[in-house]
Amino acid sequence: MCGIVGHLGPSDSVEVVMEGLRRLEYRGYDSAGVTFINESGELKTYKKTGKIEKLTELISNVDTHSMVSIGHTRWATHGGVTDFNSHPHAFEKLSMVHNGIIENADELRDELIAKGYNFKSETDSEVFLMLVNDLKKSMPLKEAILKGFTRVTGNSAFVFISEEEKEIFAIKRAAPLVCGTHYTKSQAVVSSDPYALAGAADRIYFPEDGILCHLSVGNKELIAFYDSEGKPSKAYQSKKQDMQVDPSDKGDFEHYMLKEIYEQPGLIRALCQYYFNGDGKEALAAMADLNPSRFHITACGTAFYAGLVVRDFIEAINRIPCSFELASEFRYRNPILEKNDIGLFISQSGETADTLAGQEECKEQNAKTVSLVNVEGSSLYRACDHNLLIRAGVEIGVASTKAFTQMGLTGRLLAHALSGDLDNSVKQTELTDRFELLAERIDKLLEEVDKIKAIAEEIYNKKGYFFTGRGRYFPVALEGALKLKEIAYVHAEGYAAGELKHGPIALIDEDMVNIALVGPELKEKTISNIQEIKARKGIIVGIGPKDNSLMKISDYFLELNFDGLEELSPLYINVVNQLLSYYMAKFKGTDIDKPRNLAKSVTVE
Ligand code: M6R
């Protein structure tokens, strides 16, 4: 969940690391820190609680000229949010940053205390620094890290910088780590996220667990990889020659989240192009040979709700049963995986620990795995047998928006590919047109965003919110509530409209809002459910097609044009939810791009 960056190059190392940290701040923002080797060859560490601006301020009068540095943004797990607990941790001539959890930290700490070590922080991370420091007394640093790594349990990535070697070492287990080099800039970088490498590397490598990455000017390619015995090894090299990113600034948008909502029509239009005429052709065609008897759709958060949309597509088109599981529960339920069952894993980052654990469970039970994933080369991408990229571009807002839409649409393509009907250009054109229609409707919605903003202004201060929908609109009711909770810090629940009467209706009073998602299907039944809420004085926000009864019953009404969208309509209505949450959060004045307590990529279980 923390962001880590290391850099080695001819100059301005701290600048590269700080830029990387700024990009990764969405991963954790409890504190930030940097260690560099100054021009006198000494290790210098600066760290501060709060966001990166605090660190920038702290080092503003410091001479940070350096050729080697590491940095960190923290999402606290062990130990409070204090300067001491912030990373990097430094001891004598060694400094280290960590992302993850050392499960046997207490045991190792006791051992090291018995040897006379004192700990400055309450973190598990400092334990590994001390352990390596201790081992280093009798062996070179490279061996000490490799040996120390065998003693720690749990999922972690570590990056070390040493005053003596003036080099960087990195190693990980079930946590994201990516390295890269830039030939013309003669620099090497390492990070927990490829996004930090954008512009800084034109060759990208994803090391496997336990592989030691060594960044040194002494290496022919600046980076070398070693296996657990210290023998030269390799890392997966990304197919992309350059890490393409959207500009890291927000353009004219106040928040990344809003920018990402607005990117959706363009991304939708590009998806068919990529899969029908571009590099995605082969991966999509391979789906036709899968022939699964059942899918186990597994994911977390927004990706999980997108999975419900995908389930509806697959079951409708292919009549292949899909079970769906929260990734954090999947492997602990001892899932029944039969021959020809396929695990379908959905993730924006491809680094979510629970999702990766689910994938591993499938592998152990010899089931094939397929991903719908955004980050090419991510851990999930490398682990699965097949991957369909969702092509959402870099998503910075912690609240996922465009990834949801792209997951749903890629799932739609998957469903068609499974049935083999995408070989046919008529079908391809039909789908391209349907996607185009969705993009146009979203464009129109964005042009009329003031209507949504006006509703948000009326309802943002109420007691609680129920997003309700039936059938294909139920998954987006769940997703709508998640979005609102995340960024507006209000209690919201997604419910199947017909289920409310079985209990939660007890909560309805004049200060509770029902955001009723109504499509052309099951319209009458859904309106009856809204009547039940209205009868108990609930405030109704009706979002749906032009309909007298719906308009009459709604305190606030937003008319949507569903014509021709059919099964894609949940993805349309979901954009209303995104905008409604965004503006409600804005009226509340919360930190929309970096909501409290959250991290973009959840790499701990
Ligand atoms: O990177 P992933 O798609 O695997 O992430 C899964 C969830 O952590 C993520 O969707 C989370 O729920 C978002 N904050 C939702 O906006």
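The values are calculated or read from the model by the stated rules, or taken from the named source; none is laboratory data. A quick note: this is a predicted structure, and the numbers were derived from the prediction, not measured. For neighbour counting, all protein chains shown are included, and Cβ atoms are generated from backbone atoms with ideal geometry for every residue, glycine included. All accessible areas refer to the heavy atoms of the entire protein, side chains included, with ligands and DNA or RNA removed. Shrake-Rupley method; radii C 1.70, N 1.55, O 1.52, S 1.80 Å.
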Q) In segment 494-580, what GluC sites (Glu not before Pro) fall in a loop by DSSP, with at most 14 other Cβ atoms inside 10 Å? A) E510
Q | Accessible area in the full protein assembly, largest first, 1.4 Å probe, for H491, H386 | A | H491, H386
Q: Please arrange D252, D509, D563, D279 by accessible surface area, largest first, computed with a 1.4 Å probe and ligands excluded.
A: D252, D279, D563, D509
**Q.** HN-Hα J in Hz across segment 563-579 - Karplus 6.51, -1.76, 1.60, θ = phi - 60°, x for Gly and Pro
**A.** 3, x, 7, 6, 5, 7, 4, x, 6, 6, 4, 5, 5, 4, 4, 4, 5
Q.
Less than 21 Å apart at the alpha-carbon level, and either on another chain or at least 8 residues along: which lysines does that give for K44?
A. K54, K93, K120, K136, K166
Q: Post the alpha-carbon centroid distance, segment 160-225 to segment 486-513, in whole angstrom.
A: 48
Q) Ignoring ligands, DNA and RNA, how do R331, R536 rank by accessible area with a 1.4 Å probe, largest first? A) R536, R331
Q. What lysines could a cross-link reach from K537, if we take a straight Cα to Cα line under 20 Å and drop same-chain neighbours fewer than 8 places away?
A. K462, K463, K501, K525, K552
Q: Quote the FRET efficiency, to the nearest 0.05, computed for R294 versus F587 with a Förster distance R0 of 45 Å and r equal to the Cβ-Cβ distance.
A: 0.50
Q: Give me the lysines in straight-line cross-link reach of K427: C-alpha distance below 23 Å, same-chain residues under 8 apart excluded.
A: K281
Q) Put a dot 7 Å past each Cα toward the Cβ at S228 and D209; how far apart are the dots in nm? A) 1.0
Q) Can you give the accessible area of S549, probe radius 1.4 Å, in Å² rounded to 10? A) 60
(Q) Under a crude label model (7 Å from the Cα following the beta-carbon direction), how far is E440 from E458 in nanometres? (A) 3.0
Q: For Q531 paired with V217, estimate the spin-label separation in nm (one decimal), with each label point 7 Å from Cα along the Cα-to-Cβ line.
A: 7.9
Q: Sum -39500 (n - 2.57) across every DSSP H segment of at least 4 residues in the chain, then divide by the residue count to get the 222 nm mean residue ellipticity, nearest 500.
A: -11000 deg cm²/dmol
Q: Please work out how much length the chain gains when fully extended from D433 to E57, using 0.36 nm per residue of separation minus the C-alpha to C-alpha distance, in nm with one decimal.
A: 130.2 nm
Q. Suppose R0 equals 56 Å; then what is the FRET efficiency for K339 and E122 from their Cβ-Cβ distance, rounded to the nearest 0.05?
A. 0.70
Q: Treat every Asp and Glu Cβ in segment 3-240 as -1 and every Lys and Arg Cβ as +1, leave all other atoms uncharged, and give the resulting dipole magnitude about the Cα centre to the nearest 20 debye.
A: 520
Q: Quote the FRET efficiency, to the nearest 0.05, computed for D511 versus T150 with a Förster distance R0 of 60 Å and r equal to the Cβ-Cβ distance.
A: 0.55
Q: Give the residues of segment 492-506 whose amide nitrogen is closer than 18 Å to a point set 7 Å from the Cα of R596 in the direction of its Cβ.
A: 492
